[in-house]
There are 2 protein chains.
Amino acid sequence: MASKNKLGIIAGGGCLPGLIAAACRAEGRPAHFLALSGHADPTVISAAGLPTDWIRLGEAGSGFESLRRAGVEEVVMVGPVRRPSLSELAPDFRTARFFARIGLKALGDDGLLRAVVAELESEGFRVVGIDQVLSSCLASPGLYGGPAPDVQAEADIARGIEVARALGAVDVGQAVVVQQGIVLGVEAIEGTDRLLDRCGRLARDGTGGVLVKLKKPGQDRRIDLPAIGTNTVAAAAAAGVRGIAVEADGALVLGREAVAEEARRLGVFVVGVTLS
Amino acid sequence: MASKNKLGIIAGGGCLPGLIAAACRAEGRPAHFLALSGHADPTVISAAGLPTDWIRLGEAGSGFESLRRAGVEEVVMVGPVRRPSLSELAPDFRTARFFARIGLKALGDDGLLRAVVAELESEGFRVVGIDQVLSSCLASPGLYGGPAPDVQAEADIARGIEVARALGAVDVGQAVVVQQGIVLGVEAIEGTDRLLDRCGRLARDGTGGVLVKLKKPGQDRRIDLPAIGTNTVAAAAAAGVRGIAVEADGALVLGREAVAEEARRLGVFVVGVTLS
């Protein structure tokens, strides 16, 4: 984060927008929130103390306007955005023109977000990845904390990688839970916490499973990188999952030290794996 | 079903074992149940009134023995079998030898069932597909009942086929729910009813989604063909799903008339689609 130009943060859900804001403050970089109502968490946004405009997803016109008015040059999109239905969007004129151009199919999965990136760039903004702003959060290879994976865990991780890649290749979810070679669950839009909760109830007796989170093979690094935090470690432990494998250089680990500490405390491994 | 030799029915869950038994009775073919305890439904099994042996999944030795004693030559495996954990299996000597040979990885997904087929054949049984015994249940192309799919439904079906194929190629689930181009959920081992229930809660406003069920691309037709029945139509309607597409010549529609009637009654389309 060498440049000190003003960063526009298009904020979806979770605590990532807050972490980005804190990183900007730490290095004296000016920043401005464009918070998506119904997605961004008002507590996280207000706690960050940045100048903020709230917009609906369908208000691209006023959104671009407020970024420009704030003097933003670079934009980062962070935090999950629940994919909307057309009626939830209720697009303004600018947004309607955008949808007329990209077509409705872009509403599926990452298609919409990819189109938003292209649109921001055509408006003259530079869109950067969260890993360029928060480089310390990009997963590194090796064990973060908890017991080292044994042979069965390694086999379950390998199976999870195989399935997550196949799913990612058709632009669906990023997470899979595997126990003793059996795929307990596959994530679509429900989110990792619900996936873990469901798999906890489907788990077999004996050795617990693993959660695998990967970037999709063709995924633009600037949108929606898979992320885990201390909450993910806690949810895994509650579901009887004994470890989490994330893609090194492809997923975000939010708070390296805190995640490692929670992993040790709960006896759940967290490991960064390099894909071959 | 030309041959009148005795059919061994290895019975998992649901009502399929009962349908097979009824089909045998209708044409005077002798049959014998090998019912898997913890998987087969005792009500379905006893209502069928066939000679029955109950075994645990881990008791292959006594299972083969009772089929042979009953004079069975042909075997069909029907109804879902929840994949077991090793400790649930508690294998007998014969079964332990089997696992020692196929290795633990076969416990994943269809691997186990494929190995069971091979094992039955090496013991001299002929393993046939349910579609050979219940040919009237194999899905045919075209509309069974309910309103014809519109353009959005056709697009959702196409997306569902794309995702289900990718998932099937790595030997995971057979069902996907898509709404307005968005993949709401993907089935692993939870079963279609739970998938539908979850997707009902994740659905967006506006036009409802579709359920797509396909045979896995490399799937042995003799194991675990995807199936729908009137209960699937009712579960779809309850989840706000407006139609079901099944693979023509690859999925089972249990009770053609009853399914068509339920589809009309609830206004949910059921259609057999031919994969290109």
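Every read-out reported here was derived from the displayed coordinates using simple, explicitly stated rules and does not represent laboratory data. The shown structure was predicted, so the numbers you read here are calculated from the model rather than taken from an experiment. Positions of Cβ are backbone-derived with ideal geometry, glycine not excepted, and every protein chain shown enters the neighbour counts.
Those residues that are within 8 Å of chain A (Cβ to nearest Cβ) and within 16 Å of the chain's Cα centre (by Cα), I need them from region B:139-173; list them, please. B:Val172, B:Gly173, listed by residue number. Within region A:238-271, the residues that satisfy the criterion of being among the small types (Gly, Ala, Ser) and surrounded by 20 or more Cβ atoms within 10 Å (Cβ to Cβ) are A:Ala239, A:Gly243, A:Ala245, A:Gly250, A:Ala251, A:Ala263. Across region A:174-189, which residue is farthest from A:Pro80 (Cα to Cα) among those that are surrounded by 24 or more Cβ atoms within 10 Å (Cβ to Cβ) and facing another protein chain (nearest Cβ under 7 Å)? So, considering only residues that are surrounded by 24 or more Cβ atoms within 10 Å (Cβ to Cβ) and facing another protein chain (nearest Cβ under 7 Å), the one farthest from A:Pro80 (Cα to Cα) is A:Gln180. Candidates are the residues of region A:195-220 that are outside any helix (DSSP H, G or I), more than 11 Å from chain B (Cβ to nearest Cβ) and within 19 Å of A:Ala158 (Cα to Cα); the one that is farthest from the chain's Cα centre (by Cα) is A:Val210.
Within the span defined as region A:153-160, every residue fails to be acidic (Asp, Glu) and under 30 Å from A:Ala70 (Cβ atoms). Determine, yes or no, whether A:Val233 is in contact with a strand residue (DSSP E or B) (Cβ under 9 Å, 6 or more places away or on another chain), part of a helix (DSSP H, G or I), more than 7 Å from chain B (Cβ to nearest Cβ) and not small (Gly, Ala, Ser). For A:Val233, the condition - in contact with a strand residue (DSSP E or B) (Cβ under 9 Å, 6 or more places away or on another chain), part of a helix (DSSP H, G or I), more than 7 Å from chain B (Cβ to nearest Cβ) and not small (Gly, Ala, Ser) - is met. Looking only at residues in region B:152-173 that are of a type in the set (Gly, Ala, Ser) and assigned to a helix (DSSP H, G or I), which one is surrounded by the most Cβ atoms within 10 Å (Cβ to Cβ)? Going through the qualifying residues, I end up with B:Ala164.
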